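Notes for the one structure printed next.
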Amino acid sequence: MNDLSHIKAEARARAFARRQVAWEQGHPHPSALLSQVLAAHRGRPLAGYLPMRSEIDPLPAMAEMAAHGPVGVPVTPRRGFPLTFRIWTPGCAMVDGGFGTQVPASGADVTPEVLIVPLVAFDRKGGRLGYGGGFYDRTLAALRALGPVTAIGFAWAAQEDDLLPLEETDAPLDLVVTESEIITP
């Protein structure tokens, strides 16, 4: 492991610990501000994620958006490739998607114009520390090559970190939404 990889691993460990505490403390409506932000994008193709472990839950906001347009969730490819997104609706049949994920059992792919991005840590400049596989960095690069995409990081406020060890390949976020704040870099 090189120095930057080691620094990123340590930053992830600290952020996971903060995220776990925030998740345990909970919040009555953690996606309320996300719903407010997404209202401006109704009808545009959207992709979100199905929360795992202590990730903040975007599903209520995604369900609202599904009433107005297509909503997708990630299908994890082989390492080294960007994500694709399969249409999701509340209550749709789900199957094992690998890596501890679930994906809709069937449905078309969607190319999002708005992407809710999970993360481990973020800063106020739009920096994002992910899980280390580079899936969202590759995905955002590919989507942005096709046209404008709004990347919205969604996280617990406790995941903020002003000293993120970022690289040039780390795709920036356009906005960060927490349970208590909307941050515009």
(message) Let's test this: bin the Cα-Cα distances of segment 3-183 at 10 Å from zero up to the farthest pair and state each bin's percent.
(response) 10, 39, 40, 11, 0
(request) Output the antiparallel fraction of DSSP beta bridges having both residues in segment 3-183, as a percent to the nearest 5. (result) 50 percent
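Coordinate-derived values only; no laboratory data. Not measured: the values here are computed from a predicted model.
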